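Structure first, commentary second.
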Amino acid sequence: MSSSRQAPEATEIRAQEEVRTQDDEAREDRAPGDEPIREALGTAAEVAEKTGGLGTPGRPVNWRSPFMIGLTGAFGVAVAYGLTELVIRARSVLILIGLAMFIAVGLDPIVGWLVRHRMPRWAAVITVIACALAIAAGFLAAAIPPLASEATALAHQIPHYMHTLQDRNSQLGKLNVRYHVQQRLTSLVTSRGGSLAGGVLGAGALVLSTVSAIVAIMVLSVYFLAGLPQIKMFAYRLVPHSRRPRVILIGDEIFAKVGGYVLGNFITSVIAGLGTYIWLLAWGVPYPLLLGMFVAILDLIPVIGSTIGGIVVSLVALTVSLPVALATLAFYIGYRLAEDYLIVPRIMGRTVELPAIVSMVAVLIGGVLLGIVGALVAIPVAAAIRLLLYEVAIRRLDNS
């Protein structure tokens, strides 16, 4: 009996010792700070068993707490700084994109007119681009032969000029003796040959970058012109549904103003070029076609374009005679007044609806900010800002 009782007691003692050993090992494996985590794990297991899922959400984050307000403000400042830095670094590319978009919006009324006359949009875009390329090719065809002939004539006249410099009885020889022109030219070529070569390379790089920019603008303009309806619809979809109809009306009005301005500016430039060609042809001034197209291109720049073109043409007319140059200058002064007070108000007055003083200030500010591109787009941008002020800001001020 005693032996049979001692066997179960020994078994119990051994089981208790094993349990104590396991508990001791578990305590040794546990870190001092694991109790809260183990309690959370147990609670998570109970919640999963009760709900059969991931539990119920807790209280939302208090966005009005000082920490969240400071974090949101710091993040907003960082985003604003990043966007500003991005705009500054990508300024040149953004100018090209904006100019291409401006050209596409300006050509869109012509494409729309062709589409309304049962021409597919892709065919209308190709037609407009082909006409623009034909105009550019015509200008180059008119410009290259005179420039090449003048450069060739100058190259042939260089030995004659050098011989005249050495002749003390000629006017150039007297100037050479007095001011040492030949010695200065020789020292300039020998001492600053490297800088002259660097200047030539810099001019070549400038020409290459200009050609690249023109090609990029042409390609982007074609893509923008082809996909302009989709671009407009995407922009309108970014506006809330309740305000979308009014934004569509204002946006279409702005696009119409830009298109009307570009078309009207093109018509006035054609008038300036034709007037120049007829005037120079009548007075026998050389290169009438080239100078006419030159004035037409400069006249695309509002306010100052035709003035610069008139000065250049008057200087060329000086090669004929002084009276012809003075008459040409008077012709451009009269044309400037006629363009400002007769041609532009009739062609673009109803479309742009911008006072003359506002146009002048806008062109000056645009020229200071973005150069020729800024002067070119200043008037339609000012017209768009004026429309937004009247339709949004002034209406609210009147009703407040």
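Residue check: VAL239 meets all listed conditions (1) surrounded by fewer than 14 Cβ atoms within 10 Å (Cβ to Cβ); (2) outside any helix (DSSP H, G or I) but one, namely (1). Looking at ALA383, ALA378, ALA362, just one residue is buried (at least 19 other Cβ atoms within 10 Å of the Cβ), closer than 16 Å to LYS257 by Cα, free of Cβ contacts under 8 Å to residues at least 24 places away in the same chain and touching a helix residue (DSSP H, G or I) at 6+ places or on another chain (Cβ under 6 Å), and that residue is ALA362. The criterion of at least 3 residues that are small (Gly, Ala, Ser) is met, among helices (runs of 4 or more DSSP H) falling completely within the range 329-400, by 356-388.
I'm checking my understanding of the structure. Among residues of the range 248-288 that are within 24 Å of the chain's Cα centre (by Cα), hydrophobic (A, V, I, L, M, F, W, C) and surrounded by 20 or more Cβ atoms within 10 Å (Cβ to Cβ), which one is farthest from ALA132 (Cα to Cα)? Within the range 248-288, the match that is farthest from ALA132 (Cα to Cα) is VAL258. Candidates in the range 313-359 are the residues that are closer than 24 Å to ALA282 by Cβ and touching a residue at least 40 places away in the same chain (Cβ under 8 Å); of these, the one that is surrounded by the most Cβ atoms within 10 Å (Cβ to Cβ) is THR328.
Check ILE250, ILE267 and return the single one that is assigned to a helix (DSSP H, G or I), within 28 Å of ALA123 (Cβ to Cβ) and modelled with pLDDT of 85 or more.
On inspection, the qualifying residue turns out to be ILE267.
The rows are residues; the columns are (1) under 30 Å from VAL316 (Cβ atoms); (2) surrounded by 15 or more Cβ atoms within 10 Å (Cβ to Cβ).
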| position | (1), (2) |
| --- | --- |
| MET101 | no, yes |
| GLY106 | no, yes |
| HIS117 | no, no |
| ILE129 | no, yes |
| PHE139 | yes, yes |
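Looking at the range 64-71, is at least one residue modelled with pLDDT under 85, over 29 Å from GLY259 (Cβ atoms) and outside any helix (DSSP H, G or I)? Yes. Taking the condition modelled with pLDDT of 90 or more, part of a helix (DSSP H, G or I), in contact with a helix residue (DSSP H, G or I) (Cβ under 8 Å, 6 or more places away or on another chain) and not polar (S, T, N, Q), does ILE231 pass? Spelling it out, ILE231 is indeed modelled with pLDDT of 90 or more, part of a helix (DSSP H, G or I), in contact with a helix residue (DSSP H, G or I) (Cβ under 8 Å, 6 or more places away or on another chain) and not polar (S, T, N, Q).
The values are calculated or read from the model by the stated rules, or taken from the named source; none is laboratory data. The model shown is predicted, which means the values in this text are computed figures rather than measured ones. Reconstructed Cβ throughout: ideal geometry from the backbone, glycine too, with neighbour counts over all protein chains shown.
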